[in-house]
Amino acid sequence: MVIAKLSGAQSLIDSLQKEGVEVIFGLPGGAILPVYDILYESNIRHILVKHEQSAAHMADGYARASGRPGVCMATSGPGATNLVTGIANAYMDSSPVVAITGQVPRTMIGKDAFQEADIIGITTSITKYNFQPRTVAEVPKVVKMAFKLATSGRPGPVLIDIPRDVQVEIDEVDEVEDNHVKVRSNVSPHPLQVKRAVDLLVNAERPIILAGGGIILSNASEALQALAELLLAPVATTLMGKGCFPENHPLSLGVVGMHGSPEANKAILEADVLLAVGCRFSDRTTCNISDFCPDAKIIHVDIDASEIGKNRLVDVPIVGDANITLSKMYEMLTKCLVKREDSLWFKRIQEIREECSSIEVFSRDDGLSPPKILKEVREIVPPDTIVTTEVGQNQMWASLYFKAYKPRTFITSGGLGTMGFGFPAALGAKVAKPDVPVLDIAGDGSFIMTSNMLITSVNENIPVIVLILNNSMLGMVAQWQRLFYNRRYSAVKLVNPDFVKLVEACGANGVRVNSLDELKNALLQALKNDVTTVIDVPVSPEEDVFPMVPPGKGLKNMIFNALKTSSILTKRSSKAPRED
Amino acid sequence: MNVENSVFETHIVSVLVENKPGVLYRVANLFRRRNFNIESISVGPTERKEFSRMTITLNGDNATVEQLVKQLSKIVDVVKISLLNPRNTILRELALIKLHVKDSKVRSDILSYAQIFKGKVVDAAEDTMTVEVIGTPEKINAFLKIASSIGIKEMARTGLTAIERGG
Ligand SMILES: Cc1ncc(C[n+]2csc(CCOP(=O)(O)OP(=O)(O)O)c2C)c(N)n1
């Protein structure tokens, strides 16, 4: 059915509206001008960024906070290539982002026209799919398909590259049927495999659940909690899964991995059955994979069949949506099991917790040490606060010491580890959830990378809080140089601007704090401010993140300080590094 | 247990894909990313004009090939993918071999070898002859062995194409 004669640009905007798009993060340029011209009078909100990378991160943060796809837009050539880091970041973390780029006119493609970049070629390995509609009629179909793909199965970014002349051309456009798009997605698990998993779980003596980002993506937190409580199985998460299970729950072990919590890293090695859901056994989670639960039976649930068996051979592979699969398991389990109230394993977990709380985690700084700061911050900000992080020590400290209670409240660049992600992602999250406080836990090096977004945050009225753990270092790199390169600090010392002045020059609030009390006051004030507040906290340039599993080593080789590579639980002291 | 530990074998992957620009790039890109050398690839139309079939031959261990197949099937343009069992599959390849012809003895040798291999002489010039051989890769290899004793000037092979028996 032909509905209208439209320009490609009009058709694009109409199609985006049909998908429920309310906001686009972007920056215009020649090859996308016709679209911006339509946008001018549409009721889609456009948020002007200062660099296209931030547009993609904002769309990503928006998507992670809301569960709805985020949309970013850029012009051809440099605009499009500036998006690349943000798209790759969304790809690694399975975030539904739709990126729209202008392209040179059809007849000029492939001829090195002004501002031409082969963005389809460039983004093929960092998108689920990319499209270049060559006719106006294709535009609505492509948009429909893009949103379907971005949000179905394992979510991820999709790019639409529209030649400028297709934006301008006017042609007849059909209504797109919803069933025009068929996406292959194996959402329901195979019942026999579920049965096999349930059999293993019923008979497990020491079951552990490893919950990844897939739990959040499929909204499976409730199902996860029900299952864990039924089995009395402790839950460790990956970094991407942080928040999918309340970290103040008696069964929570925290995050497992290179900078995982001592109890998670320790307990997981004692498991006899590991139920891994929506995770991919990444090297930062498993550390040396041959030392990762070598004797446990492993059940691996993932919606992406290609993740199963990729890094780790498993005993029961289950391809399926996490929520559906966990709910089915729960249903089957309730038929053969009464809710466990206590078990030897649960007692053992308490024991591990106690042992771990008496390990001295090395921390130089008695004053404003990042662990203390972050525990304090958790006490102050409301439970539903959305936290984003930058990358480096700040991120690992946040993972270790800032407890997350709800899904979609801890947003971090897990797969790509992109410095500069946290601030624009926080802004995107705030756009999605204007009523919830949003806090970026930052390092000075990372913050600088996208700090120009202060201007956007002020101009567009998107107030967030940034807490800079300012060690005047590229801290995580410095830590590696300290531990593994004989303290040869190559290119890690930072000479920073005065952050307070920088922030104020952009029209935001800047404050420097020198004690926990000052921090508390600044944070309470920031929560009330209607403009972005950046809190600069000077911390020691020498402080390391511990515990740590040295590169190449297994979880059992976790170390707690730089002096001794003491194996877990050999070093004891009365100082409790972390309480629950 | 680690995943990558078994022995290398030849695998034939048959991939039904959408017939449109860029699909070969997407498929090839995946192999490149995994640093996988494609032994041969042939692409052509199928009984339905909207689809093409790619027949890809690879050397690799089972686990890696299985993983590649899973990743291939994630490509949106891939409609269907199957790992073919060589024992239950008809395999064919075509080779064109241009041979040096020194004298009439060689010329008649070539003619009779071509006959033995059910090949065809498809071109002849003063000092060359071109033979077309169709068959399994083994058969073509056997012909090439003899041909090289005569002297190969140039050679082109299509790569394997395959279809499962019955069904
Ligand atoms: C874009 C980018 N470039 C380089 C790196 C490598 N890298 C990882 S952590 C880190 C240091 C981060 O410094 P900062 O933001 O100050 O955080 P800190 O570790 O001090 O908390 C660097 C350079 C990266 N992850 N991302």
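Percent of C-alpha pairs per 5 Å bin in the stretch A:191-357, short distances first: 2, 10, 20, 25, 23, 14, 5, 1, 0. Neighbours of A:Phe447 by Cβ distance under 10 Å: Lys/Arg scored +1, Asp/Glu scored -1, total -4. In the stretch B:90-164 the Cα-Cα distances spread across 5 Å bins starting at 0 as 4, 17, 31, 26, 13, 6, 3, 1, 0 percent of all pairs. With the simple spin-label model, which puts each label point 7 Å out from Cα in the Cβ direction, the A:Arg348 to A:Glu172 separation comes to 7.1 nm.
Across all directions, the average flat footprint of the convex hull enclosing the Cα atoms of the stretch A:370-538 is 9.3 nm².
Beta-bridge orientation, the protein assembly as shown: approximately 45 percent antiparallel, per DSSP, counting only bridges with both partners inside.
If I model the stretch A:2-180 as equal point scatterers sitting on the Cα atoms and use the Debye formula, what is log10 I(q)/I(0) at q = 0.17 Å⁻¹? Computed log10 I(q)/I(0) values: -0.98.
Here is the list for the stretch B:61-167: trypsin sites (Lys or Arg not before Pro) lying in DSSP coil, each with at most 11 other C-beta atoms within 10 angstrom of its C-beta, are B:Lys102, B:Lys118, B:Arg165. Percent of Cα pairs in chain A per distance bin of 10 Å, from zero to the largest separation: 4, 18, 26, 25, 18, 8, 2, 0.
Of all stretches in chain B that contain no GluC sites (Glu not before Pro) in a DSSP loop with at most 12 other Cβ atoms within 10 Å, the longest one is B:51-125. Rounded to the nearest 20, the Cβ-based charge dipole of chain A about its Cα centre (Lys and Arg +1, Asp and Glu -1) stands at 1280 debye.
Toward the positive end of the charge dipole of the stretch A:68-212, with +1 on the Cβ of Lys and Arg and -1 on the Cβ of Asp and Glu, the farthest Cα among A:Pro157, A:Pro207, A:Pro78 is that of A:Pro207. Per-residue 3J(HN,Hα) values for the stretch A:287-297, derived from phi via the Karplus relation 6.51 cos²θ - 1.76 cosθ + 1.60 with θ = phi - 60°, read 6, 4, 5, 6, 9, 8, 6, x, 9, 7, 7 Hz in sequence order (x marks Gly and Pro). Here the peptides A:416-428, A:115-127 are ranked by packing, the mean other Cβ count within 10 Å, and the order with the highest first is A:416-428, A:115-127. Sparsely packed loop sites in the stretch A:5-78 (the chymotrypsin sites (Phe, Trp or Tyr not before Pro) outside DSSP H, G, I, E and B with at most 13 other Cβ atoms within 10 Å) comprise A:Tyr40. With both labels modelled 7 Å from their Cα along Cα-to-Cβ, the B:Lys153 to A:Ile455 distance reads 6.8 nm.
When the helices of the protein assembly as shown are scored as -39500 (n - 2.57) per DSSP H run of n ≥ 4 and the total is divided over every residue, the value at 222 nm lands at -10500 deg cm²/dmol. Across the stretch A:310-319, computed HN-Hα scalar couplings (Karplus, 6.51 cos²θ - 1.76 cosθ + 1.60, θ = phi - 60°) run 6, 9, 8, 5, 10, 8, 10, x, 10, 8 Hz from first to last residue, x flagging Gly and Pro.
Taking 7 Å steps out from each Cα toward its Cβ at A:Val338 and B:Thr46 produces label points 5.6 nm apart. Each Lys or Arg adds one and each Asp or Glu subtracts one; over the other residues with Cβ under 10 Å from the Cβ of A:Ser413, this totals -3. Measuring r between the beta carbons of A:Asp295 and A:Tyr489 and using R0 = 56 Å, the FRET efficiency lands at 0.85. For the stretch A:370-399 versus the stretch A:133-169, the spacing of their alpha-carbon centroids is 38 Å. In a reduced charge model with +1 at each Lys and Arg Cβ and -1 at each Asp and Glu Cβ, the stretch A:191-357 shows a dipole moment near 240 debye about its Cα centre. The A:Asn529 and A:Asp37 beta-carbon pair, evaluated with R₀ = 56 Å, returns a calculated FRET efficiency of approximately 0.95.
Restriction of the trypsin sites (Lys or Arg not before Pro) in the stretch A:48-149 to DSSP coil positions whose beta-carbon has at most 11 other beta-carbons within 10 angstrom yields A:Lys111. When each of the peptides A:382-393, A:327-338 is scored by the mean number of other C-beta atoms lying within 10 Å of its residues, the order from highest to lowest reads A:382-393, A:327-338. Fully extending the segment from B:Arg34 to B:Asn88, taken as 0.36 nm per residue of separation minus the present Cα-Cα distance, adds 16.6 nm. Using the Cα coordinates of the stretch B:19-167, the gyration tensor eigenvalues translate into equivalent-ellipsoid semi-axes of 36, 15, 15 Å, sorted from longest to shortest. Amide H to amide H, with H built 1.01 Å from N, A:Ala99 comes under 5 Å of A:Cys72, A:Val158, A:Leu159, A:Ile160, counting only residues 5 or more places away or on other chains. Here the stretch A:103-179 yields Rg over Rh of 1.00, to two decimals, using C-alpha coordinates and the Kirkwood radius. Within the stretch B:3-84, the ratio Rg/Rh, alpha carbon atoms throughout and Rh by Kirkwood, equals 0.96.
Throughout, read-outs are computed from the coordinates displayed, never taken from laboratory work. Just so it is clear, the model here is predicted, and its values are computed rather than measured. Virtual Cβ from ideal backbone geometry, glycine too; neighbours counted across all protein chains shown.
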